[in-house]
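The values are calculated or read from the model by the stated rules, or taken from the named source; none is laboratory data. Predicted model only: the values in this text are computed from it and were never measured. Cβ coordinates were reconstructed from backbone atoms using ideal geometry, including for glycine residues, and neighbour counts include every protein chain displayed. Remember, those area values only see protein heavy atoms, side chains included, never the ligands or the DNA or RNA. Shrake-Rupley method; radii C 1.70, N 1.55, O 1.52, S 1.80 Å.
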Amino acid sequence: MALFEVSSNLTSILLNTFILFMFVFLQMICLYFTFFLVPWQFCTFILKFLISANHLDGLEEMDSNPMVSSLLNKLANYTNLTQGVREHEEADEDEGAKKQTVKSPQMGTFIGVYLPCLQNILGVILFLRMTWIVGTAGILESFIIVSMCCSCTMLTAISMSAIATNGVVPAGGSYYMISRSLGPEFGGAVGLCFYLGTTFAGAMYILGTIEILLTYIVPSAAIFKAEEKAQEADALLNNMRVYGTCCLTLMALVVFVGVKYVNKLALVFLACVVLSILAIYAGVIKTIFEPPIFPVCLLGNRTLQNHGFDKCMKTEIIDNVTVTTKLWSLFCKGPELNASCNEYFTLNNVTEIQGIPGLTSGVISENMWGSYGPAGMLVEKAMPSVPASDASQDKHMPYVVNDITAFFTLLVGIYFPSVTGTFTQCNSDLSCVVMFGACIEGVLLRDKFGDSVKGNLVIGTLSWPSPWVIVIGSFFSCCGAGLQSLTGAPRLLQAIARDGIVPFLEVFGHGKANGEPTWALLLTAVICESGILIASLDAVAPILSMFFLMCYLFVNLACALQTLLRTPNWRPRFKYYHWTLSFLGMSLCLALMFISSWYYALVAMLIAGCIYKYIEYRGAEKEWGDGIRGLSLNAARYALIRLEEAPPHTKNWRPQLLVLLNLDSELSVKHPRLLSFTTQLKAGKGLTIVGSVLEGTFLSRESDAKRAEQSIKSAMASEKTKGFCHVVVSSNLRDGFSHLIQSAGLGGMKHNSVLMAWPTNWKQSSDPQSWKNFIETIRETTAAHQALLVAKNVDSFPHQERLAEGTIDVWWIVHDGGLLMLLPFLLQQHKVWRKCKMRIFTVAQLDDNSIQMKKDLQMFLYHLRLNAEVEVVEMHDSDISAFTYEKTLVMEQRSQMLKQMQLSRTEREREAQLIHDRNTASHAALNDKPDVSPERVHMTWTKDKFCTERNRNRDHSANMAVRDLFSMKPEWESLNQSNVRCMHTAIKLNEVVANKSQGAHLVLLNMPGPPKNRGGDENYMEFLEVLMEGLNRVLLVRGGGREVITIYS
């Protein structure tokens, strides 16, 4: 039975060994094919060699130079820097005044891309943290970590391949692809995050370099030394800060002086990385036959730091005398055998185990599961031991302990920077997880700094032929990666600055005469120094993981978006992609961000969001044909189709304005304050279309139309008006404005209100067509069931200055659907009108109950949720004054005269003046005022004249009837009584409004409709003029024939 068990165990060991050997062998073959057989040039070289060996004739040489020399030439010219950097350096050597374009050698994918990625990736995390991750998380969870990170990288690589093959990517890498795919806002935000990630990557590589230097190469070079074990962590951090700052300064100087010196060492750095990887695989194979001797000393089940002793025993016999060892003195108060010792030391024995038992040891089963714990937890092996009653002194003993609190999500954040590259590196990491777990003892894996093996690098103990191969290789790998980060990050920042999308970064777009980014390098060094001051590689790695993951997230988003939008320009040559893979990669990136560190993820998103909003608000406008614009077009199309299905509900009604502007002869906006008022009324919400009309034909005035559009856009920008501009060229202004009213907008996004300025000088105008066009516009808006807003004295309206406390007075004469009450509420939402209170006036007739009207109106406003003061003004029917008749007579005679006579402008003014002089003289005779000399009567009656006439009428006896007034002037009998009544109403209403609202910041009045008979158009303009006379800022409002405000929720 025992023989059977031994045979079974031996069979199991041999089977496991065979499986692991085949796994390692396949990985070696994979690396061999990757490094040497991937380039097609090598296959061509083999074919040529065979052809020449067999003396086959008739075949021409495929290249003039032998492939061996070509390959060696490429290796000799290898650099891990971009082509632009090489051109800068070579141009710097040219002392001539003219810069000559230097054509760098085309190194191909393998030499120019693949090997630099390996140098950048196979570095600090693999050499310094991979064994600790495997020991802490276990083989299974380490597999999960590596698989998740590699899947994220692989999916991102697929998306990036699609984007990169969709046209030429001249420079900029991920930033260029994201900015040209998602727009300048996303591109700038993610580009700056990618820059920060690259900069912190430089800090991580420098910290890795210093950790290797001070921990494994020259530990005696430490400036700060710990007198007690509790101070070791602080001393290490301070040493990292000092040496890291010095290393950063040296590297920055090298990059500043010239990266050509880095180019000369690039091949050396690369060779060190490749030899280190091969040494690890060779060491794993060697453990099958002859495991290396790296003993680990255990006290009970606790791992000891092997620094202060050389023998793993409490006592030893020398010349038949039992003496204590150095280990004894570490736990006891003296070297005597009867000295007082640590309780745990007394109760447990010392055991020595092999740190590298090898592939056939079966240690893989022990390392299958993780061993997480808080900072200060002892690194223990799963074996029995006698616990001590007092563990308070354990922290002062030379045990191996956890330096940080370890948990799964932290390991994800620390490991992810190791997979920001090629898929072969992911394969090698998966193999390393198995190899480390199968060859190395668990307590040694969890020993981050190798204290249990005399301060050796843990991964170095596994390598062959010497641990120094890994130490030196990892040191130069970290140096090369740090130099590459300090070289690439400033150029990325320079590319962003030169794109001009972030205004405050423009200074970093400048550099030396040869284009070297001097200022960007300085900023990069400052940010990198902040990462070095953190002084912990484990703390810096999750930070740059956040920025890289965010960059990868947007790469996947760009590919998915372009694929779903199916834009005509999306024709990538790489066909093995799908939007579901990109979406999966995007989701995985987002998940890894929050898995690694949710607070770092939120901070990274906040930084990117702030940069996005800044570029959107202050950045330069760029049109790169990005996917976000295509998405906006699709979303707009979908929304317009949905809006077309049904008219908007009253609760969703807001003024969608069509602003009609007039331009002067220089094509400048006549009334820019109309745009200011639009901004204050809209507050950036809803639709705003600013339109204007040019007379002529489009073919002859195309350039003028473009200049007018640019002029209007400039005015809109200065007035902060957000909306669209539309300039129409028409044979006449009337038809042009009619076309705008009918056709402006699209689908459900059409205007429902028209805003225009009052034609102030319509009486003095030589062309009556101007005010006739105004009246026709009123008729057309009414026919189109659109609201109309007419602003009088618009140039006196406030600009951006905030008004002091005052009132917005609403004179609600006719119900217009509630627009009169809604407009002041909308104005109060803007900072200019926020301190103004709303007052609502309504007019009561003789038979109305004014008290009940006020109560009803207050209740109505309460249900509308509007805060306003209510006042009811009583207007009784009174006798029509002589001034009203005279005003009407002047209006009718002037209108009749101009209709019958086609006179020149000078003759019109002269004839009109004669009529006014005659009427003024007769009016003076009526009032028996012979001493009053005839004055020049202006075409517009003022308020002072009205008051004078009213006082004159009051001097007559009270019993004079209206019929007596008619008998006193024969001309009055022929007047149109409708015109007289309208003029009387306008004068009386103007008197009341001027009395109540003289000091108001804005007066809103109902605008009466124009007459159906176009013969009374001029009379209509006179009525409106009298209605608004004496008021500064007036807004005439005419409803669109529908309710725009409701009491319901």
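Quick notes on this structure:
- Some residue of region 445-459 being surrounded by fewer than 22 Cβ atoms within 10 Å (Cβ to Cβ), without any contact (Cβ under 8 Å) to a residue 60 or more places away in the chain and at negative phi: no
- For region 203-232, the set of residues classified as under 15 Å from ASP403 (Cβ atoms) and either open to solvent by 60 Å² or more (accessible area, probe 1.4 Å) or basic (Lys, Arg) (or both) consists of LYS229, ALA230, GLN231, GLU232, listed by residue number.
- The single condition among (1) open to solvent by 10 Å² or more (accessible area, probe 1.4 Å); (2) more than 30 Å from ALA203 (Cα to Cα); (3) assigned to a helix (DSSP H, G or I); (4) in contact with a helix residue (DSSP H, G or I) (Cβ under 6 Å, 6 or more places away or on another chain) that LEU588 does not satisfy is (2).
- Taking region 548-600 as the range and being at pLDDT 90 or above and among the β-branched types (Val, Ile, Thr) as the test, the residues that pass are THR580, ILE595.
- Enumeration of residues in region 130-172 that are surrounded by fewer than 21 Cβ atoms within 10 Å (Cβ to Cβ), of a type in the set (Ser, Thr, Tyr) and more than 22 Å from ARG566 (Cβ to Cβ): SER147, SER151
- ASN402 being touching a residue at least 24 places away in the same chain (Cβ under 8 Å), buried (at least 18 other Cβ atoms within 10 Å of the Cβ) and under 16 Å from LYS229 (Cβ atoms): yes
- Applying the condition of being touching a residue at least 24 places away in the same chain (Cβ under 8 Å) and of a type in the set (D, E, K, R) to region 483-520 and asking which residue is surrounded by the most Cβ atoms within 10 Å (Cβ to Cβ) yields ARG491.
- Test: residue in region 339-360 that is assigned to a loop (DSSP other than H, G, I, E, B), of a type in the set (Gly, Ala, Ser) and in contact with a Pro (Cβ under 6 Å, 6 or more places away or on another chain): yes
- Some residue of region 820-834 being among the basic types (Lys, Arg) and surrounded by 15 or more Cβ atoms within 10 Å (Cβ to Cβ): no
Residue-wise test of (1) closer than 15 Å to LYS670 by Cβ; (2) part of a helix (DSSP H, G or I); (3) without any contact (Cβ under 8 Å) to a residue 60 or more places away in the chain.
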site	(1), (2), (3)
LEU699	no, no, yes
SER714	yes, yes, yes
ALA717	no, yes, yes
VAL729	no, no, yes
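- Subset of region 301-352 (residues that are open to solvent by less than 30 Å² (accessible area, probe 1.4 Å), within 30 Å of GLY283 (Cβ to Cβ) and not charged (D, E, K, R)): ASN301, THR303, LEU304, GLN305, ASN306, PHE309, CYS312, LEU327
- The single condition from (1) part of a loop (DSSP other than H, G, I, E, B); (2) in contact with a strand residue (DSSP E or B) (Cβ under 7 Å, 6 or more places away or on another chain) that LEU444 fails is (1).
- Hey, LEU523 open to solvent by 10 Å² or more (accessible area, probe 1.4 Å), part of a helix (DSSP H, G or I) and over 20 Å from PHE416 (Cβ atoms) or not: yes
- Looking only at region 301-328, and only at residues there that are assigned to a strand (DSSP E or B) and aliphatic (A, V, I, L, M), the one that is modelled with the highest pLDDT: LEU304
- Residue within region 753-763 that is closer than 22 Å to LEU694 by Cα and without any contact (Cβ under 8 Å) to a residue 12 or more places away in the chain present: yes
- Matching residues in region 737-750 - criterion: being touching a helix residue (DSSP H, G or I) at 6+ places or on another chain (Cβ under 8 Å) and open to solvent by less than 30 Å² (accessible area, probe 1.4 Å): PHE737, SER738, ILE741
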